[in-house]
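So the structure is just underneath, and the comments pick up after that.
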Amino acid sequence: RLLGACPRLRILATSREALAIGGERLFPIPPLPLSTEDPESSPAVRLFCERAAAVKPDFKLDDSNIDAVVEICRRLDGLPLAVELAAARMRALDAAQIASRLDDRFALLAGSDRTAPARHRTLSAVIAWSWDLLSEPERALAMRLCVYPAGVALERVDDLDALAGLVEKSLVDRDGERYRMLETIRSYAVARLEESGDAEAMADEMAEHCIELAERSDQELRTAAQITAMARLTAEHGNLVTVIGRAAATADVETGLRMLAALFWYWQLRGSYSEFRHWAEAVLAVPAEIPEHLQSAALIVSGVAATAKGGFLAGQDDIKAGIAKGEALEPGAPGQFLVTMAPAFLPDAGPAEGRGLEGWELGTALIIEAAGESQTRGLEGAAPADRAEAVFAEIGERWGLASSLRIKAERLGWEGRLEEGVQAADEAARLLDELGTYGDACEAYAELALWRARNGDVEGSHEALERAIALADTVREPNSMAYARWFQLPVLISEGRYRDAIAVIPDIEGALDGATGLGERIKVLTSSFKDLVVLLQGEGRPEAVAAISAANIEGAAVADLAMACRVSAAAALLDDDAARAARLLGFARALLGIDDGRGYDRELRTEERAREALGDKAFEEAYDAGAKLGRDSAVAELTGAAQ
């Protein structure tokens, strides 16, 4: 009748779901957005502040309360009524007290405007009104979904009609290919699930699903399908760690260890070392007997967690014991992969050949061998990386290929083939970024920044370094953050910005102090760059290398020792000791297996000046004397200077 009388009539109505009538047009109203970059201007925060000021006129948003207010709005999903109810509590509580009590949000956010409809007076009443109108299939599905804090993929849902109903009623949100409940809705559904008596059965079903998903995805991480597997594990992350947390809380050590073993490589690829250590310690602290078939995994997890916490040499006994115990495991058994990777956390992994390895396992063993041997034998030790590159290229596995290319880039730098080194480093960084390996990609971009700077590409160097720092800030791991920032030093030196390089050294050293084992490992390199700046500026005396402890020098990689020798050679010329300078250049040659072509000291003309001072014959004799000796002699020469 109304439309007949008023053909252009429009009616604006609010509803929890579509009215399903002819001519209806839907305008979904999402929760209030919350910006992490500018929270003060976010609608959710503004609403909270307006309502808080209404009950507490002196309330102001400032540094003392903004984090708590943002946390309140985030945990209440930006739901306007929930935010208003929380703000009303500011009459008796401060923002931090409200945020700390949101686990029991339905008791906290009760009581409001008495003039409002009954269903709008408390948060619980708002949700209960919608809950009571659900059909039985919709309610059953809601209680099944509520145990998944990260939501589920569509294939996890059997009753699509019920899912559609929950989406229509705004109790489940669709986010791309996944479906999830807002935290507030989920909390209400969890309470109803517990009342039903089915909570434990639902949690067990979730654990079984997550174990299967994690173990299947772990296998795919070592194939050409690894990008899909990484994305899947990232999307399911909240569910997976929920299962681990429940396993630790209920002393279910088998579930906990299977999940740790299945997620180990994901965490390593992601660079989430702190998270791995956190959950490893939680599960290993469970006072329960470890099943025989998981004892190898438990030992290796324990050892690797120790290296992440206390340095590279910590936990070696557990790792070795875990490898020995795991030799009897069948391929594909839970935790068997850890036996393959564990040697990467040992100082001497041994040769890859002759162990009957194939495919990914062979490629990884070659990478581990090349990474270790290049640190002790220089150019010759890096050779296995070429074979690994071919293996991983055939598989289509990005992490292994990128790791091979990173070692290749370093070797090309030693050989003075800087343009080829840039190409290899660029490809490595791209592959790791594409895969989503924050920690390794951060390191690869930092290395690329240095190669580009040495090759004269200042703009490209800055772009790479900015990307490295952005990735480090994303993963928030001390080692990644220190690594990215440390590379500012050689990049600035390569650009000739010596005073800027000196200015960043204190901050870099502070970052290194907070990195597990990293500061000690590159102490020699940092000191060499300090002395290099002094020499390039022609001001003062280079004293940093001479002040390094013998322990730091003995633990350094040969490439870093070679640089220390070359910088010390340039310093020796200041004392008119050309013979020592030539001998130190020979030491550098012996350490790397080639004359260092990285070019960091090109402007110092050390060899040319020493040759001029000694004459060709005397220079060659002194140089050859150093080149015939090995690492121990170079260490003795450098530590002797320290003494």
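So is ASP63 part of a helix (DSSP H, G or I), outside the structural domain of LEU166 (by TED's automatic domain parsing), modelled with pLDDT of 85 or more and within 29 Å of the chain's Cα centre (by Cα) or not? No; evaluated as a whole, the condition is false for this residue.
Residues in region 1-36 that are of a type outside the set (Gly, Ala, Ser), more than 51 Å from the chain's Cα centre (by Cα) and part of a loop (DSSP other than H, G, I, E, B): how many?
Looking only at that region, the number is 7.
Contact map, region 172-190: residues that are surrounded by 18 or more Cβ atoms within 10 Å (Cβ to Cβ) paired with residues that are assigned to a loop (DSSP other than H, G, I, E, B) and among the charged types (D, E, K, R), Cβ distance under 8 Å, separation 6+ or inter-chain. Pairs shown: LEU182/ASP77; THR184/ASP77; ILE185/ASP77. In region 350-387, which residue that is part of a loop (DSSP other than H, G, I, E, B) and in contact with a Gly (Cβ under 6 Å, 6 or more places away or on another chain) is farthest from GLN316 (Cα to Cα)? Result: LEU379. Restricting ALA229, ALA224, ALA214 to residues that are modelled with pLDDT of 95 or more and in a loop (DSSP other than H, G, I, E, B) narrows the list to ALA224. Annotation: of all residues in region 450-494 being polar (S, T, N, Q) and more than 14 Å from LEU418 (Cβ to Cβ), the one that is surrounded by the fewest Cβ atoms within 10 Å (Cβ to Cβ) is THR474.
For region 196-218, the tally of residues that are closer than 19 Å to GLY359 by Cβ and surrounded by 15 or more Cβ atoms within 10 Å (Cβ to Cβ) stands at 3. Of the residues making up region 349-372, just one is at pLDDT 90 or above, of a type outside the set (A, V, I, L, M) and closer than 11 Å to ILE407 by Cβ, namely GLU369.
Looking only at region 490-505, which residues are part of a helix (DSSP H, G or I), of a type in the set (Gly, Ala, Ser) and under 12 Å from VAL458 (Cα atoms)? Passing the criteria: only SER494.
VAL504 passes every criterion in (1) within 17 Å of LEU604 (Cα to Cα); (2) at pLDDT 90 or above apart from (1).
Any chance region 131-145 includes a residue that's within 20 Å of ALA235 (Cβ to Cβ) and touching a strand residue (DSSP E or B) at 6+ places or on another chain (Cβ under 7 Å)?
Step one: of region 131-145, the residues within 20 Å of ALA235 (Cβ to Cβ) are 141, 144-145.
From what is left, the residues that are touching a strand residue (DSSP E or B) at 6+ places or on another chain (Cβ under 7 Å) are 145.
Yes, region 131-145 contains at least one residue that is within 20 Å of ALA235 (Cβ to Cβ) and touching a strand residue (DSSP E or B) at 6+ places or on another chain (Cβ under 7 Å).
If only residues of region 522-558 that are charged (D, E, K, R) and in contact (Cβ under 8 Å) with a residue 40 or more places away in the chain are counted, the one that is nearest to LEU450 (Cα to Cα) is ASP531.
Cβ-Cβ distances below 8 Å connect the following pairs, each with a first residue in region 383-395 that is surrounded by fewer than 23 Cβ atoms within 10 Å (Cβ to Cβ), a second residue that is β-branched (Val, Ile, Thr), and a separation of six or more residues or different chains: ILE395/THR223.
The values are calculated or read from the model by the stated rules, or taken from the named source; none is laboratory data. None of the values given here were measured: they were computed from a predicted structure. Note that we place each Cβ from the backbone using ideal geometry, even for glycine, and neighbour counts take in every protein chain shown.
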